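The values are calculated or read from the model by the stated rules, or taken from the named source; none is laboratory data. Model, not experiment: these values are computed from the prediction. All Cβ positions, glycine included, derive from the backbone under ideal geometry; neighbour counts span all protein chains shown. All accessible areas refer to the heavy atoms of the entire protein, side chains included, with ligands and DNA or RNA removed. Shrake-Rupley method; radii C 1.70, N 1.55, O 1.52, S 1.80 Å.
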Amino acid sequence: MIEGINHYNLRADKNTMEDLKNFYIEVVGLSLGFRPPFESQGYWLYAGGKDVLHLSSAKEGDVREHHVNSTFDHLAFSALHLDKFVEKLNSHQIKYYFREVPEIGTQQIFFKDPVGNGIELIFLKN
């Protein structure tokens, strides 16, 4: 029986992994946290005290494409302070689009990470 989503993993070369770590900390607002001492290099990024994003280094010779056409569209995070995120995205010159869904009382911002993965931030409308 599935109880929920535990985390998601992005695997990349070391330089891209560093770019992704910085992006998800500085722009998305995740925080760097404990990661067990695995053989591969990487990071665990946390939201609300829970590891939600694992970044792992690609194995030698493993080429990971960026901006590929796949079935993965986006990952959504619950978020607070819509105006601060809009300001942050603008200051980093990140293209985004906004959508309001009055039927469920949410406002949403959609944008891409440095390698093209979709991100959605969901804000409950007061």
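For a quick check of your reading of the filter: which trypsin sites (Lys or Arg not before Pro) in region 1-109 sit in a DSSP loop and have no more than 10 other Cβ atoms within 10 Å? Display every interim value, and only then the final one.
Details: sites: Arg11, Lys14, Lys21, Lys50, Lys59, Arg64, Lys84, Lys88, Lys95, Arg99; in loops: Lys59, Arg64, Lys95.
Within region 1-109, the qualifying trypsin sites (Lys or Arg not before Pro) (loop, at most 10 other Cβ atoms within 10 Å) are Lys59, Lys95.
Using a cutoff of 8 angstrom between alpha carbon atoms and counting only pairs six or more residues apart, the relative contact order for region 69-111 works out to 24 percent. Summarising the label geometry, the points placed 7 Å from Cα in the beta-carbon direction at Asp51 and Leu32 lie 1.6 nm from one another. Semi-axes of the equivalent ellipsoid of the chain are 26, 17, 15 Å, computed as sqrt(5λ) over the eigenvalues of the C-alpha gyration tensor in descending order.
Output the relative contact order of region 1-61, whole-number percent, from Cα pairs under 8 angstrom with separation of 6+ residues.
41 percent.
Applying a DSSP loop filter and a limit of 12 other Cβ atoms within 10 Å to the chymotrypsin sites (Phe, Trp or Tyr not before Pro) in region 1-91 leaves Phe34, Phe38, Phe72.
Between the listed residues Asn9, Asn22, Pro102, the Cα displaced farthest toward the positive end of the dipole of region 1-121, a dipole computed from Cβ unit charges relative to the Cα centre, is found at Asn22. Taken about its Cα centre, region 65-105 carries a charge dipole of roughly 140 debye when the Cβ of each Lys and Arg holds +1 and the Cβ of each Asp and Glu holds -1.
Using Cα pairs closer than 8 Å and at least 6 residues apart in sequence, work out the relative contact order for the chain, in percent. With pairs under 8 Å counted, the relative contact order is 23 percent.
Of all DSSP-defined beta bridges confined to the chain, some 70% are antiparallel rather than parallel. Rolling a 1.4 Å probe over the protein heavy atoms gives the chain an accessible area of 68 Å² per residue.
Rolling a 1.4 Å probe over the protein heavy atoms of region 23-63, with every protein chain left in place, gives an accessible area that is 56 percent carbon and sulfur. Note on His7: accessible area approximately 80 square angstrom, rounded to 10, probe 1.4 Å, nucleic acids and ligands left out. Annotation for Glu3 and Asp62: the two label points, set 7 Å from Cα along the Cα-Cβ direction, are 2.7 nm apart. Here region 69-126 has 53 percent of its accessible surface on carbon and sulfur atoms, given a 1.4 Å probe and all protein chains in place.
Taking GluC sites (Glu not before Pro) as exposed when DSSP calls them loop and at most 11 other C-beta atoms lie within 10 angstrom, the chain has its longest site-free stretch at 66-102. Here the sum of -39500 (n - 2.57) over DSSP H runs of 4 or more residues, divided by the residues of the chain, equals -4500 deg cm²/dmol at 222 nm, to the nearest 500. Placing +1 on the Cβ of every Lys and Arg and -1 on the Cβ of every Asp and Glu, with nothing else charged, gives the chain a dipole about its Cα centre of roughly 160 debye.
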